[in-house]
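K.L.:
Shown below is the structure under consideration.
The values are calculated or read from the model by the stated rules, or taken from the named source; none is laboratory data. Computed from a predicted model, the values in this text were never measured in an experiment. Positions of Cβ are backbone-derived with ideal geometry, glycine not excepted, and every protein chain shown enters the neighbour counts. These accessible areas exclude ligands, DNA and RNA; they are computed on the full protein's heavy atoms, side chains included. Shrake-Rupley method; radii C 1.70, N 1.55, O 1.52, S 1.80 Å.
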Amino acid sequence: MSKTTRTALVTGGNTGLGAAIARALHDAGHKVIIAHIPGHETVAHWLQQQAEIGYNFTAYGVDVSDFDSTQALAQAIHADGHQVDILVNNAGITRDATLRKMEKSGWDAVLRTNLDSVFNVTKVFLDPMLERGWGRIVNISSINGSKGQFGQTNYSAAKAGMHGFTKALAQEVARKGITVNTVSPGYLRTEMVAAMREDVLNQIVAGIPVGRLGDPTEIAALVAFISSDSAAFMTGSNIAMNGGQHMF
Ligand code: CAA
């Protein structure tokens with residue numbers, strides 16, 4: 001894997017999969033900026049803990065569902081002298097419910113945070129990547145964007161939409177040194193999965209051929225590769241890593 005040092009931005013980079021991705025990109029020699037929910041009171045403590053184990057991250061608060069907020073993020077990052085070469089659109093939420101029980105607010109929150117965010121954040125960092133002629137955009141989708149999931153019409157729709165965005169933008173920037181890819185993880189050992197109903201989760205794990213949840217570091221290693229110079233021929237792809245739960 002190439003060792004050229006770049007600057008990476010990971011949205012939702014202070015928790016779960018995002019934190020594992022931030023550490024993997026740091027391990028690959030990159031400068032890593034994490035974007036977190038504004039006013040997240042635990043972030044300072046988390047940054048301190050990461051620094052103690054050798055991970056020096058720069059952090060900014062942003063509401064990825066709000067275009068004005070992502071514009072302000074880009075202004076702040078550029079004003080501080082950073083340029084974003086690698087963008088990982090990882091921030092996401094769940095509001096699981098069957099469609100019959102789903103409130104309009106649960107639909108809107110998931111579509112705005114998981115899908116509008118991909119437009120909002122990518123839009124504000126794309127032009128500088130085009131000017132420099134190099135970029136990596138990785139959209140973190142989900143197994144459930146491909147296979148659907150009982151209780152997740154909102155999440156499955158948003159995650160499927162992310163890959164449509166990936167395929168369209170990949171074509172637009174392919175000749176400009178920028179790759180755009182989707183990564184679709186299966187069920188991982190994260191807080192998001194731990195919040196599921198235990199009986200439902202046990203049933204899902206029983207259907208995973210490798211017989212266990214994934215570890216966030218396994219997905220993070222894949223993201224680090226896609227973000228490298230070595231992955232220049234990979235674009236518009238949807239790479240699944242789900243323990244064999246869904247094969248396509
Ligand atoms: N397939 C078919 N029928 C099912 C079912 C399934 N998978 N699961 C439940 N049902 C049935 C029940 O047997 C019950 O039937 P009856 O009414 O005939 O008894 C009915 O559906 C229950 O319907 P409810 O609307 O009452 O559903 P609920 O409130 O009990 O549960 C839910 C809804 C909490 C959303 C639950 O379905 C659930 O947890 N689903 C899993 C959601 C999930 O996978 N979330 C992943 C979160 S992590 C993540 O998203 C990360 C990632 O990318 C993987």
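K.L.:
Sorted by average packing, counted as other Cβ atoms within 10 angstrom per residue and highest first, what order do 170-181, 154-165 take?
P.N.:
Packing proxy ranking, top to bottom: 154-165, 170-181.
K.L.:
For the chain, which whole-number percentage of the solvent-accessible area (1.4 Å probe, protein heavy atoms only) is attributable to carbon and sulfur atoms? Before the final figure, lay out the partial values.
P.N.:
Numbers: 6160 of 11680 Å².
Percent of accessible area from carbon and sulfur atoms in the chain: 53.
K.L.:
Now, a different point. Report Rg (one decimal) and Dmax (nearest whole number) for region 8-152, counting Cα atoms only, units Å.
P.N.:
Values for region 8-152 (Cα only, Rg and Dmax): 15.8, 49 Å.
K.L.:
Using Cα-only point scatterers and the Debye equation, what is log10 of I(q)/I(0) for region 95-203 at each q in 0.10, 0.17 Å⁻¹, rounded to two decimals?
P.N.:
The Cα Debye sum returns log10 ratios of -0.35, -0.84.
K.L.:
Based on the mean of other Cβ atoms within 10 Å per residue, sort peptides 51-57, 84-90 so the most packed one is first.
P.N.:
Numbers: 51-57: 11.9, 84-90: 27.1.
The most tightly packed comes first, giving 84-90, 51-57.
K.L.:
I need the shape label for the chain. Rule: rounded when a/c is under 1.5, else prolate if a/b > b/c, else oblate, with a, b, c from the alpha carbon gyration tensor. Kindly include the intermediate steps, with their values, before the conclusion.
P.N.:
On the way: a/c = 1.40, a/b = 1.36, b/c = 1.03.
Rounded, because the longest to shortest axis ratio a/c is under 1.5.
K.L.:
Solvent-accessible area per residue for the chain at a 1.4 Å probe radius, Å²? Numbers along the way, then the final one.
P.N.:
On the way: 11680 Å² over 248 residues.
On a per-residue basis, the chain sits at 47 Å².
K.L.:
Which of 143, 182, 248 sits farthest toward the positive end of the charge dipole of the chain, with +1 on the Cβ of Lys and Arg and -1 on the Cβ of Asp and Glu?
P.N.:
The one lying farthest along the dipole's positive direction is 248.
K.L.:
With just the Cα atoms of region 164-248, tell me how far they stretch along each of the three principal axes, in Å, largest first.
P.N.:
48, 23, 22
K.L.:
Mind checking which lysines have their C-alpha under 17 Å from residue 31, skipping anything on the same chain fewer than 8 residues away?
P.N.:
3
K.L.:
Can you give the FRET efficiency to the nearest 0.05 for residue 42 and residue 98, using r as the Cβ-Cβ distance and R₀ = 41 Å? Walk me through the intermediate numbers first.
P.N.:
Numbers: r = 32 Å, r/R0 = 0.78.
According to the calculation, E is roughly 0.80.
K.L.:
Less than 22 Å apart at the alpha-carbon level, and either on another chain or at least 8 residues along: which lysines does that give for residue 159?
P.N.:
Within reach: 101, 104, 123, 147, 167.
K.L.:
Something else about it: Nearest 500 deg cm²/dmol is fine: what mean residue ellipticity at 222 nm does the chain get from its DSSP H runs of n ≥ 4 alone, each adding -39,500 (n - 2.57), divided by its residue count? Present the calculation step by step, with values, prior to reporting the outcome.
P.N.:
On the way: 10 runs with 109 residues, N = 248.
Calculated from helices alone, the mean residue ellipticity at 222 nm is -13500 deg cm²/dmol.
K.L.:
If each residue of separation counts as 0.36 nm, what is the full-extension length gain between residue 5 and residue 150 once their alpha-carbon separation is subtracted? Write out the running numbers ahead of the final one.
P.N.:
Numbers: separation 145, 0.36 × 145 = 52.20 nm, distance 4.19 nm.
Extra length from residue 5 to residue 150 when fully extended: 48.0 nm.
K.L.:
Suppose R0 equals 41 Å. What FRET efficiency, 1/(1 + (r/R0)^6) with r the Cβ-Cβ distance, do residue 130 and residue 203 give to the nearest 0.05?
P.N.:
On the way: r = 46 Å, r/R0 = 1.12.
It comes out at approximately 0.35.
K.L.:
Please sort through the DSSP H helices of the chain and keep those with an alpha-carbon extent of at least 20 Å along the long axis and a Kyte-Doolittle average not below -0.5. Intermediate results must be reported in sequence, preceding the final value.
P.N.:
Details: long enough: 117-132 (23 Å, 0.36); 153-173 (30 Å, -0.20).
Helix filter hits for the chain: 117-132, 153-173.
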